[in-house]
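Q: First, the structure itself, so that you have it in front of you.
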There are 2 protein chains.
Amino acid sequence: MEVIIMKELLEGNEKLAEENREYFSDRHILAVNLMGAPGAGKTTFISAIAKELSDIPVGVIEGDIASSIDAENLEKQGIHASQINTCGECHLDSRVIRDGADQIDMKNAIVFIENVGNLICPAEFDLGESVRLLAASVPEGDDKAFKYVPMFSYADVVVLTKCDLKEAVGFDSENFQKGLRAVSQAPLFEVSLKKGQPAAGIKAVADYLKEKYNQMK
Amino acid sequence: MEVIIMKELLEGNEKLAEENREYFSDRHILAVNLMGAPGAGKTTFISAIAKELSDIPVGVIEGDIASSIDAENLEKQGIHASQINTCGECHLDSRVIRDGADQIDMKNAIVFIENVGNLICPAEFDLGESVRLLAASVPEGDDKAFKYVPMFSYADVVVLTKCDLKEAVGFDSENFQKGLRAVSQAPLFEVSLKKGQPAAGIKAVADYLKEKYNQMK
């Protein structure tokens, strides 16, 4: 019984995901599902890449189980953002994405969907996005791809954040690559986005997304 | 319909949680449900506190969605550990805990249940534990208690890990306390358990758990 209900829920989500995909396509929106653990640096990443994508409008659909801290911070930087509170739910689904998209009401843009901080559950929910971007942070450890296989294999692209902390935490880049490559061929970018220091590595991610954006019909 | 099924699942879990509680009580086991985000330093914390609790036997029930890296590392250090793979599930439930407890088969001990790295879902599942210990790490950021309210209010005790990184990541201790105190009166301990450096702060956590252990009938 449980499995059937889950399947129905997932099927319902799939249908809405297809509708979202059409909605984004019609409006020439590259929708990026940004996933990662709590504190992986997802909001900081959005701030930094929005600056780098200056010629393309950027919107954000923020997901959090509570609070509107992230959307408020982004709005302060002039980034158009809507906030979804999931009221305890551990992931975003396609239904709420459409609400968020309607709220920011954009066209010809890159829209980041900042998922709830969770390295597990969001990998089960297609949101109708074009790109699945996983932010994994250095302090989480170099063994994460071995342990969180569904998420690491779900991602189209992986951004390793907080690379300035590699030495401080004894991060083994080789072991991280080994874990990642065991489950995924996704391109890997490394960034350092520490406050008060020049952003490193973000241009390459912006170029990757620009190319995806320009490839859209 | 969905809600009813969820309720039944949770009710089933509640019943098994009570059975676990009796099982642990009969064997004079202090069961500690150790929760935290991926990379919060849960396994490192167990290694360090096991040394500090040297006069009390320590066992570990390890939960991961995949791999047995953590249990293997603990076994290498002579800590009795069983590994539960949740096969994608985002939390441990009471049923698997009993399996893990049977496997390590201990009495008169402190048993750590290392939950799946997830700052959301585990807060919905009572495992029959005596203590709910949340490991929150400095690099996750000082705003986490504002955002992950259910988990922070669920914890009986909070251990802030990786405190040696406070300066490197610009962690605002006051803001962290503010978020925590808005939802919880749980005692807060701060630890630094960096490899190659003396463990700082762990004795106070060990004393706290010893007291809980000695208070058991």
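The values are calculated or read from the model by the stated rules, or taken from the named source; none is laboratory data. No experiment lies behind these values; they were computed from the predicted model shown. Cβ sites come from the backbone with ideal geometry, for glycine too, and all protein chains shown count toward neighbours.
Q: Within the set of pairs 6 or more residues apart or between chains, which connect a residue that is assigned to a loop (DSSP other than H, G, I, E, B) inside region B:162-179 to a residue that is of a type outside the set (Asp, Glu) with Cβ atoms less than 7 Å apart?
A: Final answer for the pair search is B:162/A:139; B:162/B:41; B:162/B:137; B:162/B:138; B:162/B:139; B:162/B:192; B:170/A:195; B:171/B:138.
Q: Which condition number does residue B:150 fail, the rest of (1) within 11 Å of chain A (Cβ to nearest Cβ); (2) closer than 27 Å to residue A:163 by Cα; (3) not basic (Lys, Arg) being met?
A: Looking at each condition in turn, residue B:150 falls short on (2).
Q: Check whether at least one residue in region A:126-139 is hydroxyl-bearing (Ser, Thr, Tyr), more than 14 Å from chain B (Cβ to nearest Cβ) and out of contact with any Gly (no Cβ under 6 Å at 6 or more places or on another chain), and report yes or no.
A: yes
Q: Looking at residue A:130 and the list (1) hydroxyl-bearing (Ser, Thr, Tyr); (2) free of Cβ contacts under 8 Å to residues at least 40 places away in the same chain; (3) under 25 Å from residue A:104 (Cα atoms), which single condition is not satisfied?
A: Result: residue A:130 fails condition (2) only.
Q: Going by the structure shown, is residue B:69 within 14 Å of another protein chain (Cβ to nearest Cβ), more than 24 Å from residue B:200 (Cα to Cα) and in contact with a Phe, Trp or Tyr (Cβ under 7 Å, 6 or more places away or on another chain)? Full working, then the answer.
A: Values: within 14 Å of another protein chain (Cβ to nearest Cβ): yes; more than 24 Å from residue B:200 (Cα to Cα): yes; in contact with a Phe, Trp or Tyr (Cβ under 7 Å, 6 or more places away or on another chain): yes.
Spelling it out, residue B:69 is indeed within 14 Å of another protein chain (Cβ to nearest Cβ), more than 24 Å from residue B:200 (Cα to Cα) and in contact with a Phe, Trp or Tyr (Cβ under 7 Å, 6 or more places away or on another chain).
Q: Further question: How many residues does region A:160-207 contain that are away from chain B (no Cβ under 12 Å), touching a Phe, Trp or Tyr at 6+ places or on another chain (Cβ under 9 Å) and more than 9 Å from residue A:138 (Cβ to Cβ)?
A: Summing the residues that are away from chain B (no Cβ under 12 Å), touching a Phe, Trp or Tyr at 6+ places or on another chain (Cβ under 9 Å) and more than 9 Å from residue A:138 (Cβ to Cβ) in region A:160-207 gives 12.
Q: Collect the residues in region A:10-26 that are small (Gly, Ala, Ser), surrounded by 15 or more Cβ atoms within 10 Å (Cβ to Cβ) and closer than 13 Å to residue A:93 by Cα, keeping them in residue-number order.
A: A:17
Q: Now a separate question. List every residue pair whose Cβ atoms lie under 7 Å apart, where the two residues are 6 or more positions apart in sequence or sit on different chains, the first residue falls within region B:205-217 and is at pLDDT below 95, and the second residue, located anywhere, is crowded, with 19+ Cβ neighbours inside 10 Å.
A: Close Cβ pairs (under 7 Å, with a partner that is crowded, with 19+ Cβ neighbours inside 10 Å) amount to B:216/B:30.
Q: Every residue in region A:158-180 that is surrounded by fewer than 17 Cβ atoms within 10 Å (Cβ to Cβ) and touching a strand residue (DSSP E or B) at 6+ places or on another chain (Cβ under 8 Å), please.
A: A:164, A:177
Q: Quick check: is even one residue across region B:103-119 within 30 Å of residue A:44 (Cα to Cα), away from every other protein chain (no Cβ under 14 Å) and touching a residue at least 24 places away in the same chain (Cβ under 8 Å)?
A: no
Q: Condition first: in contact with a helix residue (DSSP H, G or I) (Cβ under 9 Å, 6 or more places away or on another chain), over 15 Å from residue A:40 (Cα atoms) and surrounded by fewer than 16 Cβ atoms within 10 Å (Cβ to Cβ). Now tell me which residues in region A:181-202 satisfy that.
A: Within region A:181-202, A:181, A:182, A:187, A:197, A:200 meet the criteria.
Listed here are the residues, each with its yes/no results for (1) over 11 Å from the mean Cα position of the chain (by Cα); (2) in a helix (DSSP H, G or I); (3) of a type in the set (Lys, Arg).
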position	(1), (2), (3)
A:99	yes, yes, no
A:102	yes, yes, no
A:113	no, no, no
A:132	no, no, yes
A:135	no, no, no
A:139	yes, yes, no
A:142	yes, no, no
A:150	yes, yes, no
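Q: From A:78, A:59, A:100, which residue is closer than 22 Å to residue A:208 by Cβ and more than 14 Å from chain B (Cβ to nearest Cβ)?
A: Going through A:78, A:59, A:100 in turn, just one is closer than 22 Å to residue A:208 by Cβ and more than 14 Å from chain B (Cβ to nearest Cβ): A:59.
Q: Further, regarding this structure: Just to be sure, is residue A:100 farther than 23 Å from residue A:162 by Cβ and either among the polar types (S, T, N, Q) or buried (at least 18 other Cβ atoms within 10 Å of the Cβ) (or both)? Talk me through it step by step, then tell me what you get.
A: Numbers: farther than 23 Å from residue A:162 by Cβ: yes; either among the polar types (S, T, N, Q) or buried (at least 18 other Cβ atoms within 10 Å of the Cβ) (or both): yes.
So residue A:100 passes the test.
Q: For region B:73-104, what are the residues that are modelled with pLDDT under 90 and either touching a helix residue (DSSP H, G or I) at 6+ places or on another chain (Cβ under 6 Å) or of a type in the set (Asp, Glu) (or both)?
A: If the condition is that a residue be modelled with pLDDT under 90 and either touching a helix residue (DSSP H, G or I) at 6+ places or on another chain (Cβ under 6 Å) or of a type in the set (Asp, Glu) (or both), then B:88, B:89 are the ones that fit.
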